[in-house]
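The values are calculated or read from the model by the stated rules, or taken from the named source; none is laboratory data. Here the structure is a predicted model, which means the values were calculated and not measured. Cβ placement follows ideal geometry from the backbone for every residue including glycine, while neighbour counts extend to all protein chains displayed.
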Amino acid sequence: MTTCSLARSNRHSRRLTLGIVAVMLALPALAGSARAGSLDEIKKRGLIVATEDDFRPFEFVKDGKPTGFDNELIEDLHKYAPFEIKQQILPWTGILAGVSTGKYDVAITAAIITKERRKSLDFTSPIADATHFYVKRKDDKSIASIKDLNGKTVGVQAGSALLGRLPELSTMLEKEGGKMGKVVEYTSYPEAYQDLALGRVDYVVNTIINLQTLVAEKPAVFELGQAVSGKSFPAWAVAKGNTELLEFLNGFIAKEKESGRFAELQKKWFGQAFPDLPVAFEPEF
């Protein structure tokens, strides 16, 4: 796999700078409380929730209002929790670092469960399927299957689990006699999709749900490809060892599932429900 590069244009350099700034914004917590708040502390001051600003269909802002699958669950959480919910909406790059250092109590977003992330985070029950697929331009006839990705440029979000699992795609390509091309990292997926539409990258890798949403919204521009990873699941994340908060959140998710509300929201936002999600997931990668 080639070395990831953002240096081919000033625009890509600015993306990298924005990503670094977002991470740095999460670091001040180290100077103060570098540990997660206990459930008793949360009951006194409120639960600090971090969500993404533009990750359809899980969380995004429309007409100035946060919406999407996770944001509707947060509305239910307001009614369920015996304490205040304080939501902060920010770019993906700073969310997990902020949770692991205690700046935020929980990341209510589609954070894919990985071995590396489990070193500093604990995860709730999975909330959906997150198997990785590729998407291409609909008018690009040079790509019909995985073997056609040989040497082509791929776009992926910086700091994402999808970036970490690209070696799986590399292995698939090697079996077909090919190899990975250049990897371009983006601060957000909308930027990657824009570059794909403009022909600056050849394909983008994201989860099946996100790409199904993209193709449904712009069927004349994009076309869904094949799976490029094994099974993967997203969940909400808390700091490692914050057992009480994890149990509280899992209790909320279980209640939403029992009432049928969880499946209702999955169908609304994903186009399908996932009744057979595991209660817990041990990632291979």
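For the structure I just gave you, tell me whether residue 93 is crowded, with 21+ Cβ neighbours inside 10 Å, at pLDDT below 95 and under 26 Å from residue 186 (Cβ atoms).
Yes: the conditions hold for residue 93.
So how many residues does region 180-201 have that are more than 27 Å from residue 126 (Cα to Cα) and surrounded by 22 or more Cβ atoms within 10 Å (Cβ to Cβ)?
Of the residues in region 180-201, 3 are more than 27 Å from residue 126 (Cα to Cα) and surrounded by 22 or more Cβ atoms within 10 Å (Cβ to Cβ).
Residue 206 fails exactly one of the following numbered conditions: (1) closer than 14 Å to residue 124 by Cβ; (2) in contact with a Phe, Trp or Tyr (Cβ under 8 Å, 6 or more places away or on another chain). What is the number of that condition?
In the conditions (1) closer than 14 Å to residue 124 by Cβ; (2) in contact with a Phe, Trp or Tyr (Cβ under 8 Å, 6 or more places away or on another chain), residue 206 misses (1) alone.
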